[in-house]
Amino acid sequence: MVIGVAVAVVVLAAVVSALVAPGGGSSGTAAAATTGNTGSAGAKGADGKGGPAGHSTAPHKPPAKPTTPQVPPVPVSIVHAAETPGKAVNITIDDGPDPVWTPKVLDVLKRHHVHATFCMIGPQARAHPDLVRRVVAEGHRLCDHTVSHDESMDHKPVAYQQKEILDALAMIEEASGGAPVQYYRAPGGAFTPASRQIAAQHGLRPLGWNVDTKDFSRPGAGAIVATVRSEIGNGPTILFHDGGGDRSQTVAALDTSLTWLAQQHYAFSFPQVH
């Protein structure tokens with residue numbers, strides 16, 4: 001009996017010694033398995049990310065260069081022609097968007113089922129993104145009309161012209177939620193070969209006009225309509241304004257002009273891009 005107890009004590013002591021020894025038992029097996037996985041694609045470090053402390057031991061690859069979507073360039077020539085063949089006109093609206101007058105202009109266009117091209121000032125677009133998005137939602141097109149509407153920009157450095165065009169483009173695109181801006185109209189027609197090239201390289205067709213209604217000077221709604229009637233033979237692109245001041249005469253004259261143009265069997269189009 002004494003011998004049996006002694007044997008049991010010896011065996012128990014041996015078991016306890018094996019369990020508390022470093023690397024002993026099942027814990028040692030688990031540690032070995034973990035060590036074997038360190039650095040593999042699926043291993044996780046102490047912070048739960050790939051590799052020890054979140055750093056993979058896989059060979060380092062240089063990051064891919066970011067790719068910027070390229071906008072197909074358009075012709076650098078100043079466009080006046082309409083996309084619609086035959087007897088057609090292009091309605092263009094400058095200097096907005098304006099919180100008072102742009103909605104009224106849009107209402108007139110909607111009533112006549114006419115689409116127009118809105119040449120927007122960059123900061124105005126940034127200040128009124130709701131109007132920019134309404135313009136797009138109702139099927140009209142966007143045009144870059146620079147940041148500061150500097151009519152002397154044709155006498156300024158090329159870097160200045162570029163900033164005026166591209167900063168406005170970014171503002172209009174952001175305000176619109178990413179809608180395409182398809183044209184560039186220089187303030188007061190102050191185009192230069194450089195500005196046309198800059199615009200065209202960014203997918204903005206330089207846009208001119210054939211009929212200047214002079215609505216900006218507020219000559220009266222009747223005078224504005226008379227200009228449309230007398231000068232429409234000059235070409236299809238007509239210039240109105242929805243920004244820069246009180247445009248009540250423009251709203252009235254646009255309504256009358258669209259009625260008259262339809263009676264003369266003109267179709268309503270957009271300026272050619274390509």
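The largest-to-smallest principal axis extents of the Cα set in region 104-200 are 42, 23, 20 Å. In terms of packing, defined here as the mean over residues of other Cβ atoms within 10 angstrom, the peptides 251-261, 115-125, 171-181 line up highest first as 115-125, 251-261, 171-181.
The share of accessible area on region 201-249 that comes from carbon and sulfur is 47 percent, using a 1.4 angstrom probe. With the cut-off at under 15 Å, measuring from each backbone N in region 217-250 to a point 7 Å along the Cα-to-Cβ line of residue 107 picks out 247-250. Normalising by residue count, region 200-274 has a Cα convex hull of 100 Å³ per residue.
Each Lys and Arg Cβ is given +1 and each Asp and Glu Cβ -1; about its Cα centre, region 149-274 then shows a dipole of about 280 debye.
Would you work out the relative contact order for region 220-274, in percent, from Cα pairs under 8 angstrom that are 6 or more residues apart?
This gives 42 percent for region 220-274.
Take residue 137, project a point 7 Å from its Cα along the Cβ direction, then tell me which residues of region 170-192 have their backbone nitrogen under 20 Å from it. Under cut-off, by backbone N: 172-181. From the square roots a ≥ b ≥ c of the eigenvalues of the alpha-carbon gyration tensor of region 121-274, which class results: rounded (a/c under 1.5), prolate (a/b over b/c), or oblate? The shape class here is prolate.
Ligands, DNA and RNA left out, the accessible area of region 126-168 computed with a 1.4 Å probe is 53% carbon and sulfur. Cα extents for region 87-147 along the principal axes, largest to smallest and rounded to whole angstrom: 34, 20, 17. Take region 206-255 with all the other protein chains still there, run a 1.4 Å probe, and you get 36 Å² of accessible area per residue.
Of the residues 89, 168, 142, the one whose Cα sits farthest towards the positive end of the charge dipole of region 77-208 is 89 (charges of +1 on Lys and Arg Cβ, -1 on Asp and Glu Cβ, taken about the Cα centre).
The values are calculated or read from the model by the stated rules, or taken from the named source; none is laboratory data. Everything numeric in this text was worked out from a predicted model, so none of it was measured. Here Cβ is always computed from backbone atoms with ideal geometry, including for glycine, and neighbour counts include all displayed protein chains. What goes into the accessible areas is simple: the full protein's heavy atoms, side chains included, and nothing from ligands, DNA or RNA. Shrake-Rupley method; radii C 1.70, N 1.55, O 1.52, S 1.80 Å.
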